[in-house]
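Here is the structure we will look at.
The values are calculated or read from the model by the stated rules, or taken from the named source; none is laboratory data. Since this is a predicted model, take the numbers as computed values, not measurements. Here Cβ is always computed from backbone atoms with ideal geometry, including for glycine, and neighbour counts include all displayed protein chains.
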Amino acid sequence: MQTSQEVGYQEGLLSRLLSGALSRKRKISLGIYGPVNSGKTTLANRICMDFAGRRAGTVSRIPHETRSISIVENVSLKLRNGSILMDVIDTPGIATRISYRSFLRYGFKKEEAIERAAEAARGVVEAIRSMERVDLALLVLDSAKDPTSQVNWVIAGNLKARRVPYIVVANKIDLPYARPKAVERIFPEDKVVQISALRGDNVISLYEAIVELSRS
């Protein structure tokens, strides 16, 4: 006959095993945010190709190429330090001001440029609203640009207001004028990972950080 101590031990063990099984099965929503042309879709494609064999969206030099949310479901990020099942959400670039004139430089006619600007504005609203339903976020910045840009504070502020844990991604470290250390200085209280989403430099460190943060 088992003692109460033995029964308690077995119940505790079963509880820990069930808890571990549930945590391994838990799926999170990973939102990818950032200013226009910071490399969000390139990073989303990198993650999805590495772990799901498919792309999240189309990359273009034209601003606001991504004008609506794209979701790749059931991406299983597996590493030696753990794994996590994710829905990867690639969002439109966030801007504090959108003018149709910026599209004219890329050969769009005025009517097309106005419509594209309107779509981009709706995409910004959609991106910010999506923060309500993500579990974890990546704030992707172009490390060759000024990290003190107002839009960066807007994105970080919205994530903090919604209590969404996030990682600051200092992207494009392959560029000659990249200054990822400046990003770290501007976000001293946040986890900052330096990468090149295009070349894949240091992406393993980012993947490890995602797994680690998903456990906290």
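General observations
- Among the candidates Thr42, Thr66, residue that is touching a Pro at 6+ places or on another chain (Cβ under 9 Å) and either of a type in the set (Asp, Glu) or modelled with pLDDT of 50 or more (or both): Thr66
- Residues of the range 158-190 classified as out of contact with any helix residue (DSSP H, G or I) (no Cβ under 7 Å at 6 or more places or on another chain) and loosely packed, with under 15 Cβ neighbours inside 10 Å, total: 10
- For beta carbons closer than 6 Å, sequence separation of 6+ or different chains, a first residue in the range 16-35 that is at pLDDT below 50 and a second that is in a loop (DSSP other than H, G, I, E, B) and surrounded by 10 or more Cβ atoms within 10 Å (Cβ to Cβ), there are no qualifying pairs.
- Residues in the range 124-157 that are outside any helix (DSSP H, G or I) and over 16 Å from the mean Cα position of the chain (by Cα) were compared, and the one that is surrounded by the most Cβ atoms within 10 Å (Cβ to Cβ) is Pro147.
- The condition (being modelled with pLDDT of 85 or more and more than 23 Å from Ser130 (Cα to Cα)) is satisfied by just one residue among Gly8, Gly53, Gly82, Gly12: Gly53.
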